[in-house]
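The structure under discussion appears below in the form of structure tokens.
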Amino acid sequence: MDFDLTDDQRLLTDSVNRLLGDQYTFEKRKAFQKAPEGWSTTLWAQYAELGLLGLPFAEEFGGFGGGAVDVMLLMQAFGRHLVLEPYLATVVLGGTAIKLAGSAEQQGDILPGVAEGSTKLAFAHYERQSRYDIADVLTTAKANDGGYVLEGAKSVVLHGDSADKLIVSARTSGGRDDAGGISLFLVDGGAEGLARRGYTLRDGSRAAEISLSGVKVSKDNLLGQVDNALPVIERVVEAGIAATSAEVIGTMETMQAMTLDYLKTRVQFGKPIGENQALQHRAAEMLVAMEQGRSMAMLAAMMVDEPDAAERQRNISMAKVGVGQSGRFVSQNAVQLHGGIGMTEEYAVGHFFRRVMVIEHMFGDTAYHLDKLSAQVN
């Protein structure tokens, strides 16, 4: 794949970098966290005006017809500033599910609202007992009066507390770990019988616990085929891995720059600590790790639309492992090279560290994907 940016991609990155450079300082981010939503509704509207919320959607649905590389560039910019808004939950996860499983009518009903910023989505799939096993679903959907009744619970639903519509996985047949028998449903955020408990994750982003008790949905709210949602869920998770991998690259870029600046300005025993050769070597190792991670994030972006499922899954797991290892190395060293100030709430580098650690545990951690890869070898 040619990673030379097109004119449109350069314009996109320049526009986003200007917006975030002006509006997303570390102090302003703290203020956004204190808002009722936990993020900035004003900036969300600006994302819509710039076309960012419709970036990966077809023009007929109010989008720009962008691809995985465009999303990669955007998420990388978001990572540099620790953006809090629900772009991952709404556009990447929810939008991918609608694109892959939604009928033309469903896409026409939902995607234009996403693109204009009036509809926020959340992907409610993981459950407490499932850990990273995406086939482990206990929530049920039973046919009733021409529709379905949903019973169960979902855990750590990213931005599930503010979503207008939830994309909920439920078992319509089969046993707990069966690959078949899972279906996807569109559920209104205010549906009767649906309860949400929102909370803040360790990195400052938002999530929610969702409970469903006798939630009724019509057949029109079924996304895709009955009993055959697992391939769609896999693709949604893979899109999430590719997007968050790019976000980690952005966070590493900022941590690397902050660390180099600190090494040049922190004076100890009459000279900048950056003159210490051991610290210079450590900074060089951080740069190498970051560039290795960048290559793996590019691989993930290349693989998102790969038609061969086995090839796609293998490479995205490789990317998840590579970015996870690079992100951990750069984050830990950035905090260590900052000394005591790196651990304080008032200094930004620790917040970048937390975001990288939260991302490492999204969609399967490094150990989980290493196990997947080793199983394929054996």
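Every number here is computed from the coordinates shown, using simple stated rules; none is lab data. What you see is a predicted model, and the numbers here were worked out from it, not measured in a lab. Methodologically, a virtual Cβ is constructed for each residue, glycine included, from the backbone with ideal geometry; neighbour enumeration extends over all protein chains shown.
What label, among (i) 0.96; (ii) 1.05; (iii) 0.98, belongs to Rg/Rh (Cα atoms, Kirkwood Rh) computed from the structure on display?
Given (i) 0.96; (ii) 1.05; (iii) 0.98, the structure-derived one carries the label (iii).
With the contact rule set at Cα under 8 Å and sequence spacing of 6 or more, what percent relative contact order holds for the chain?
Relative CO of the chain lands at 15 percent.
Could you calculate the contour length gain from Arg176 to Ala143, that is, 0.36 nm times the residue separation minus the distance between their Cα atoms, to one decimal place in nm?
On the way: separation 33, 0.36 × 33 = 11.88 nm, distance 1.80 nm.
Length gained, Arg176 through Ala143: 10.1 nm.
Note down the nm distance, to one decimal, between modelled labels 7 Å out along Cα→Cβ at Lys219 and at Val377.
For Lys219 paired with Val377, the spin-label model returns 5.0 nm.
Could you check what % of the DSSP bridge pairs in region 100-203 are antiparallel, to the nearest 5?
Roughly 70 percent of the beta bridges in region 100-203 run antiparallel, per DSSP.
In Å and from the alpha-carbon atoms only, list the Rg and Dmax of region 1-85.
Every Cα atom of region 1-85 included, Rg and Dmax give 13.5, 42 Å.
Given axes a ≥ b ≥ c from the Cα gyration tensor, I'd like to know whether region 171-269 is rounded (a/c under 1.5), prolate (a/b larger than b/c) or oblate.
Since a/c reaches 1.5 and a/b is larger than b/c, the shape of region 171-269 is classed as prolate.
Between Ile341 and Glu151, what FRET efficiency comes out of the Förster formula 1/(1 + (r/R0)^6) with R0 = 45 Å and r the beta carbon distance, rounded to 0.05?
After rounding, the FRET efficiency stands at 0.35.
How do Tyr24, Tyr368 line up, fewest other C-beta atoms within 10 Å first?
Ordered by Cβ neighbours within 10 Å, fewest first: Tyr368, Tyr24.
Once a ≥ b ≥ c are taken as the square roots of the eigenvalues of the Cα gyration tensor of region 231-377, is the result rounded (a/c under 1.5), prolate (a/b larger than b/c) or oblate (a/b not larger than b/c)?
Because a/c hits 1.5 or more and a/b exceeds b/c, region 231-377 counts as prolate.
Calculate, in nm to one decimal, what Gln268 and Glu285 gain on full extension: separation in residues at 0.36 nm each, minus their alpha carbon distance.
Result for the pair: 3.9 nm of gain on full extension.
So for Phe352, Phe57, fewest C-beta neighbours within 10 Å to most, what's the order?
Phe57, Phe352
Filter the DSSP H helices in the chain by two things, a Kyte-Doolittle mean of at least -0.5 and an axial alpha-carbon span of 15 angstrom or more, and list the hits by number.
68-81, 104-116, 230-265, 277-303, 309-338, 349-360, 366-377
Sequence gap of 8 or more, or different chains, plus Cα separation below 12 Å: how many lysine pairs satisfy both in the chain? Don't skip to the answer; put the middle values down first.
Details: Lys120/Lys165; Lys142/Lys216; Lys142/Lys219; Lys320/Lys372.
So the count works out to 4.
Determine, for Lys372, Lys165, Lys271, the number of other Cβ atoms within 10 Å of each Cβ, and report the residues in order from fewest to most.
Lowest to highest Cβ neighbour count: Lys271, Lys372, Lys165.
Under the classification rounded if a/c is under 1.5, otherwise prolate if a/b is larger than b/c and oblate if not, where does region 101-174 fall, given a ≥ b ≥ c as square roots of the Cα gyration tensor eigenvalues?
Taking the square roots of the gyration eigenvalues as a ≥ b ≥ c, region 101-174 is oblate.
Using 0.36 nm per residue, how much length does the chain from Leu260 to Arg131 gain when fully extended, once their Cα-Cα distance is taken away?
42.7 nm
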